[in-house]
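Readers should treat all values here as calculations from the given coordinates under stated rules, not as data from a laboratory. Keep in mind that what you see is a predicted model, and the values were worked out from it rather than measured. Neighbour counts run over all protein chains shown; Cβ positions are idealised from the backbone, glycine included.
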Amino acid sequence: MNLSLAITAPSASVSSEAFADLHLHTLFSDGTFSPEELARRGAQFGLVAMALTDHDTVEGCAPMAAACQALGIEFIAGAELTAEFDGHEAHLLGYFLDTRQPKLLETMKKFQTVRQARIREMVSRLNRLGVALRAETVFALANCQSPGRPHVGRALVQEGFCASQDEAFERFLKKGRPAWVPKFKISAADAMALIHQAGGLAVLAHPGLNHCDHIIPQLARQGLDGLECFHSKHSATQSDYYLALALRLNLAVTGGSDCHGFSKGKPLIGGVKLPAVYLDTLKAARRAQPAPTP
Ligand code: AMP
Ligand code: FE
Ligand code: FE
Ligand code: ZN
């Protein structure tokens with residue numbers, strides 16, 4: 001069997017198979033598409049299901065649900081939580097979230113407050129370097145509760161301090177560069193508990209980018225439900241490796257493009273098409289999970 005069948009080029013010929021994209025961002029975090037635009041593009045690629053996984057926010061889920069419904073696309077409410085395990089940053093995707101769950105909303109609020117303070121700190125550092133960027137310019141451009149480095153990068157380009165987003169990251173924003181400020185993270189155990197409390201399933205995002213595979217069995221023992229085997233930045237070899245690992249650890253298999261719109265060049269939506277059979281397995285895992293504790 002070709003385990004990498006989920007990876008197809010955006011221009012792949014029409015197939016009778018149904019596909020989903022379970023990793024997508026909108027302008028409610030650091031993507032550039034509105035939920036309506038994202039859903040429209042999903043429909044163009046023939047997606048039957050889409051999950052919204054904005055960073056540390058679920059605000060876009062209600063408009064995205066409406067947009068998907070209007071186009072006959074199944075919608076899964078999600079988020080990508082910034083977490084850490086044993087000193088390693090780990091992004092945890094939550095799926096089928098109750099987006100009104102109080103503890104979830106409280107934690108999101110905390111994430112957002114810290115993200116906004118972090119923007120001010122990054123701008124202060126830039127100012128000390130002689131770059132006269134204003135925090136208000138970044139907030140106006142971001143126009144969302146969950147701003148991040150890409151917004152600072154875009155503001156640096158908009159104000160003429162950098163020629164491109166890549167230059168902004170290379171000179172100032174990448175880890176170890178002078179305006180880099182570490183991000184607030186919760187423990188992976190807390191993130192998984194929070195997702196479960198909100199009735200959701202917890203999936204480790206893009207393991208191929210994390211370079212810490214040894215944490216995956218430990219996360220699985222702590223309640224991880226799934227592994228994002230298919231991702232725009234995974235090679236076919238990596239996807240095969242994570243598929244085998246998911247099978248071995250009894251984890252559900254997910255995949256998505258991690259599309260951020262035009263934030264990082266060309267939109268990635270359509271580049272990863274997850275066969276819908278994997279979504280069925282995810283739903284089965286959801287049905288099998290114990291009811292969340294209030
Ligand atoms: P933050 O969550 O604020 O630390 O920003 C992390 C986000 O920055 C990632 O989710 C990516 O969307 C984005 N990012 C990382 N590296 C780059 C880059 N070189 N160019 C543009 N965006 C990037
Ligand atoms: Fe992002
Ligand atoms: Fe991520
Ligand atoms: Zn993402």
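Tabulated data for the structure shown
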| read-out | value |
| --- | --- |
| Greater than 28 Å apart at Cα, pairs in Lys183/Lys273; Lys103/Lys233; Lys103/Lys174; Lys110/Lys174; Lys174/Lys273 | Lys183/Lys273; Lys103/Lys233; Lys103/Lys174; Lys174/Lys273 |
| Gap separating the Cα centres of region 108-172 and region 178-194, nearest whole Å | 19 Å |
| Qualifying aspartates and glutamates (Cα of each under 14 Å from Cα of Lys283; at least 8 residues distant if same chain) | Glu74, Asp225 |
| For region 98-150, average projected area of the Cα convex hull in nm² | 3.9 nm² |
| Region 138-294: translational diffusion in µm²/s, Stokes-Einstein, Kirkwood Rh over Cα pairs, 10 °C, 1.306 mPa s | 89 µm²/s |
| Listed peptides 155-162, 79-86 by packing density, highest first (mean Cβ within 10 Å) | 79-86, 155-162 |
| Dmax and Rg, reported as Rg then Dmax, of the chain (C-alpha, Å) | 18.6, 57 |
| Order by protection proxy (mean Cβ within 10 Å, highest first), peptides 169-182, 65-78 | 65-78, 169-182 |
| Computed over region 27-142, the ratio Rg/Rh where both radii use C-alpha atoms and Rh is Kirkwood | 1.05 |
